[in-house]
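For reference, the structure discussed in these notes is given below.
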Amino acid sequence: MKCGLFTWLAALMLAPAPLMLAHHSFAAEYGSKPITLRGTIVRFVWMNPHTRIYLDVTDANGAVTKWECEGSAPGGLLSNGWSRGSLKPGDRVTIEGFPARDRPNICKVRAVKLANGRRLIMG
Amino acid sequence: MVFSLLLIGFSPALAQWTGVPIRNIPRTKDGKPDLTAPAPRSPDGKPDLSGVWQGDTKYLQNVAADLRPGEMTMLPWAEALTNERKTGIHAAEEPQANCLPPGIPRINSTPYPFKIVQTAEEVLILYESYGLTRQIFLDGRRVVGDTNPSWMGYSVGKWDKDTLVVDTVGFNGKTWLDATGHPTTDALHVTERYRRRDAGHLEIRITIDDPKAYVKPWTVTQVMQLLPGAEVLEFACDENNRDLPHLPGAHMTGK
């Protein structure tokens, strides 16, 4: 999906988007200590009630860990400058988020920094 | 030919479902929506509440966020339940986690916009949140007798000068007023006073009267922002709701 200049302008013209773009409370599921993940996009699932980013994170020894990170709903993200084409398999990204309390390698996304330096706020 | 050129010239806008310039708003000299202009009026002289609006998610977390101690007092059972819900142990029982309707007034502060369509006989609200709709009848009907208990209640409205006063009853008592967990019961009566302060701001003064849960009625005021060019999109909550099994508490049954 193309995201022309108009899309970004339209997004900028909208009222400040809420940062907590959740359909329910996250507090019970995710911790409050932030984490940063640098990895490669495997899949970006553009579905309700939350989008999901699947990514491979490679450590210094070359070992790959598969992460699944939950984001805001597609509708809210569209207003926030996102589209379903914002992340593509193979994209190198940095994810700022919060880890799940009860499971490893699961997180809630707050923002994604793209390889071109753009930072997309998710919620 | 000119039309074709216009089409080409504006094709990025026309290609978008959102971002289409809206008509019923005053504009500044440079053509931008004038959000501080006086509120537009409908042909019958009433303020026109029509538009796509976004509430303040501060109240999604805590509807009583602006109240001072003592302005809202819960009955002991309601306070005990709220304190439990605050800890997160009942997170799977929150209707939203189950993709169930947020109810009134919580739906005003979800992070999804809503569209008001106003006619002389009724006001319709299309909520992106959970794809819900609401009919507020202005034709003088009243809720009489036993209604089928519902998540969103039954709404009637009347104009008080420039304010639309909406009364809603007939709730099922299952909704949480916010993520903090302030409870409701089937005795809930919500009064919303909608006043379009200016073109860009819609004030909703909300009174919660639920004598089975709260000592006395209490009132909060929330302000909605106009989103010029925004549209209400589909929100099919059940599409991929994978959080529920990981939330503490029992899922809602009989969904």
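Bear in mind these aren't lab numbers, they're just calculated from the coordinates by the rules spelled out. All of these numbers come straight from a predicted model, not from anything done at the bench. Cβ sites come from the backbone with ideal geometry, for glycine too, and all protein chains shown count toward neighbours.
Data table
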item: Hz values of 3J(HN,Hα) by residue in the stretch A:64-72 - Karplus curve (6.51, -1.76, 1.60), Gly and Pro given as x; result: 9, 10, 8, 10, 10, 10, 9, x, 7
item: Nearest 10 degrees, 0 to 90: helix B:76-86 Cα axis against chain B principal axis; result: 60
item: Kirkwood-type radius of the stretch B:194-255, with distances r between different C-alpha atoms, in Å; result: 16.2
item: Proximal charge balance of residue B:33 [Cβ under 13 Å; K/R count +1, D/E count -1]; result: +1
item: Other protein chain Cβ atoms within 10 Å, averaged over every residue that makes up B:237-245; result: 6
item: Inter-site label distance for residue B:197 and residue B:68 at 7 Å from Cα along Cβ, in nm; result: 2.0
item: Nearby lysines by direct alpha-carbon distance to residue B:158 (threshold 30 angstrom, same-chain neighbours under 8 apart not counted); result: B:46, B:58, B:115, B:174, B:212, B:216
item: Phi-based couplings in Hz for the stretch B:162-173 (Karplus 6.51, -1.76, 1.60; Gly and Pro marked x); result: 9, 10, 8, 9, 10, 10, 10, 9, x, 7, 8, x
item: Per-residue average of Cβ from other chains inside 10 Å of B:27-34; result: 0
item: Reciprocal of mean inverse Cα separation for the stretch B:51-237 (Kirkwood radius, Å); result: 16.8
item: Taking the C-alpha atoms of the stretch B:77-165, convex hull volume expressed per residue in Å³; result: 148
item: For the stretch B:57-128, projected area of the alpha-carbon convex hull averaged over all directions, nm²; result: 6.8
item: Modelled label reach - residue B:239, point 7 Å along Cα→Cβ, the stretch A:96-115 residues with backbone N closer than 18 Å; result: A:109
item: Computed FRET value (nearest 0.05) for residue B:41 with residue A:32, which takes r as the C-beta separation and R₀ as 41 Å; result: 0.30
item: Value of relative contact order over chain B, rounded to a whole percent, pairs C-alpha under 8 Å and six or more apart; result: 25
item: Spin-label pair residue A:84/residue B:56, simplified geometry with 7 Å Cα→Cβ offset, distance in nm; result: 3.6
item: Counting DSSP beta bridges with both ends in the stretch B:105-167, the antiparallel % (nearest 5); result: 90
item: Antiparallel DSSP beta bridges within chain B, percent to nearest 5; result: 95
item: Radius 11 Å from Cβ of residue A:75, net charge of other residues (Lys, Arg +1; Asp, Glu -1); result: -3
item: P(r) histogram, all alpha-carbon pairs of the protein assembly as shown included - 10 Å bins from 0, percent; result: 5, 22, 29, 25, 14, 5, 1, 0
item: Choice from B:181, B:140, B:170 showing the highest fluctuation, given a GNM over chain B with Cα pairs closer than 10 Å; result: B:140
item: FRET efficiency, 1/(1 + (r/R0)^6) with R0 56 Å, evaluated for residue B:89 and residue A:64 via beta carbons; result: 0.95
